[in-house]
Structures are given as C-alpha cells and as structure tokens.
Amino acid sequence: MKWSLAALILGFCIDLVVGDPHSIPHPVVFMGKLITWLERILRRIFPKTVPGERIAGGVLWVLTAGISTALPMGILLVCHRVSPWLRLAVESIMCWQILATKSLRDESMKVYDALKSGDLEKSRRAVSMIVGRDTEALDAAAVTRAAVETVAENTSDGIVAPMCFIAVGGAPLGFFYKAVNTMDSMLGYVEQPYQNIGLVPAKMDDAANYIPSRLSALLMLFAGWGLRMDVKNGWRIFRRDRFNHASPNSAQTESVCAGLMGLRLAGDARYHGVLHKKKFIGDALREITPEDIPRACRLLYGAAILSLILLTGIKGLIIGV
C-alpha cells in the first residue's frame, strides 16, 4: 500500500511537469482500440435487437474493464518480485499516464490562444479536440463556454476521480476507472448505433463518478476560496443547478465553476448533427470572455492539489505512514 501511495504522489508530480507528450503512446489509445475491436466482434455475435445489443454492451464492459485492470496488476506483481523499487518506478509512470492535469490545461489553453489571436476557425478546431459536441458553427463565446465547461467537468473525470481510484487500489484500479470512462466517452450516446450497446457503459460510468464528482465540486469550492472567487455564489449555484444535466455527475463541478466565476454555462448543443435541449447552469452575471479559460484552469489546478493532499493524507493515516 505504501508503494502505491508513493507512486500516486510521484505520478502526480510527473504529470504536472511533463503532461501528456504526443510522442509517447498512451494507454487510453490502446483501450480505445480494444473497445472498437470488441464492439465489432460482439455486434456480430449478439442479435441486432434491443436486448441483444444491451447484453453485448455488458459483455464489452466486463471484458474491457477486466483486461484494463488485470494487465497492469500483472505487470506490477512481476516488477515487485524483481524489486519494490522497480515496482515503484513502473507504478509511478502508470499513475502519470492515468492523470491529466497538465494536458487538460494545455489543450484548453490552445483554445484560449486561438481566441486571443482572433482565429475563430482555429479555436473551433482546438476545442473540438476536448469536447464531444459539434463545433463547426460555434461563435467565440460558445467556443469559450465549451472550453470552460470541459475544464470544469474533467476536473473530476480526468483528475480527482482517477486519483480516488488510485488511492483505493493503486494504478490497476486507476486503469479500471480510465477504462470505464473511455467506454462511456466512446459508446455512451443516446443516438444510434450506440443507444443500446452503450447503455451499460454509460450507467457504470455514472456509478463510478457519483462520489468523485461531488468531492470534486467541494474541492473546487475550497480552491475558489483560495483564488478569491465568489464562493457564496458558487455554493448557491451548486445547490440549485447541480442536477441540470442528463448525467447525474457532470453538472456537479460545472455548477460550482459557473457560480464561482459568475457565468451561465451549458444550454443547447449539437452532437453528431442532433440538437440536444439542455438546461442552463449558473446565472449570467457577466459576459463570458476568453480570460475565463485560464481562470477555470487555475480552479482545476487548485482542486487537483487539494485532492492529492486530502487523498494521500487519508490513505497515509489508514496505512500508518
């Protein structure tokens, strides 16, 4: 347990410094290829009916989650037999790859830089890399809003939630979470052809993020206090709007972010050409500007650091370090 605790701290620090170099193959890419391959095979095996596709989605979830957990667990067991220090080094690298603090900031700041340069088309392309919605027709305000929303949501999905799983079960459980989250990102849509096969992945992602999303929201409130943001309004909007989303989790952090920054987020958006009617989150106390992207990133970093302190502190007390 103490090795996993040290690996989490080291992996977090490596991520803050190095981020996600595109020259290094990322485990999530391999997860995505596994999901695509299993989907293709299972669609052939199971009948093309609603129950058949839902069962196929359940089988896909079990296989992907199982492989994604068992493989790193086996690697770490072998490493530990060779040397605990080798296991620490390998698990630290795994934790680095699981977390996404710097990469989320870097990708969102690309949107900011494009907006500041006045290149709307470039900013649309940049934001399309970090959101699932259609971006071709977004104006500058909508591009900014999309970037702020994804920073707020992924404060939980990309940082706090995987840290929670790593704190409980080390890097293998962290990879379990990444597999669950990746399956939801690839299959968890209400439109065909994913409506049925993506049901189990979507529901399991909701379950996995239930506690972390709420913890993330509270940590963002504390980070907002440290950054001299409007904590009173953040708490008010959190209590009022935290369920203004189809997902039970996504609006938890988005509502806090909207309240702390005095913005109105969310609203209608197009996915795969289909308009989705969405409730607004927050009040438009002022107009959104590109500067709100780096503000959201500061909240992201604050919540990430507080999460590391909280989770490592709790785990340290439990294992007596």
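The values are calculated or read from the model by the stated rules, or taken from the named source; none is laboratory data. Keep in mind it's a predicted model, so treat the numbers as computed, not measured. Here Cβ is always computed from backbone atoms with ideal geometry, including for glycine, and neighbour counts include all displayed protein chains. Heavy atoms of the whole protein, side chains included, go into the accessibility calculation; ligands, DNA and RNA do not. Shrake-Rupley method; radii C 1.70, N 1.55, O 1.52, S 1.80 Å.
Brief remarks on what is shown
- Report summary: the helix-based calculation at 222 nm, which adds -39500 (n - 2.57) for every DSSP H run with n ≥ 4 and divides by the residues of the chain, gives -25000 deg cm²/dmol.
- Under Karplus coefficients 6.51, -1.76 and 1.60, residue-wise ³J(HN,Hα) of the range 265-270 in Hz, glycine/proline x: 10, 6, x, 4, 8, 9
- Heavy-atom accessible surface of the range 92-232: percent carbon and sulfur, 1.4 Å: 58 percent
- Prolate/oblate/rounded label for the range 248-287 (Cα gyration tensor, a/c 1.5): oblate
- Net charge of the neighbourhood of Ala269, taken over other residues with C-beta under 12 Å away and scored Lys/Arg +1, Asp/Glu -1, is +3.
- Normalised by residue count, the range 203-321 yields a Cα convex hull volume of 128 Å³ per residue.
- Built amide H within the under 5 Å cut-off of Phe280, gap 5+: Gly267
- Remark: relative contact order (the chain) = 21 percent; criterion is Cα-Cα distance under 8 angstrom and separation of 6 or more residues.
- Principal axis dimensions, the range 127-207 - Cα atoms, whole angstrom, descending: 43, 28, 17
- Once the 1.4 Å probe is applied to the protein heavy atoms, the range 255-321 comes out at 48 Å² accessible per residue.
- For the range 124-253: relative contact order, % (alpha-carbon pairs under 8 angstrom, 6 or more apart): 21 percent
- P(r), alpha carbons of the chain - 20 Å bins starting at zero, rounded %: 31, 58, 10
- Normalised by the number of residues in the range 206-321, the mean separation of alpha-carbon contacts (under 8 Å, six or more apart) gives a relative contact order of 25 percent.
- Residues in the range 179-184 carry Karplus couplings, in order, of 5, 4, 5, 5, 4, 5 Hz; the curve used is 6.51 cos²θ - 1.76 cosθ + 1.60 with θ = phi - 60°, and Gly or Pro positions show x.
- The Cα trace of the range 53-147 gives Rg and Dmax of 20.1, 56 Å, the first to one decimal, the second as a whole number.
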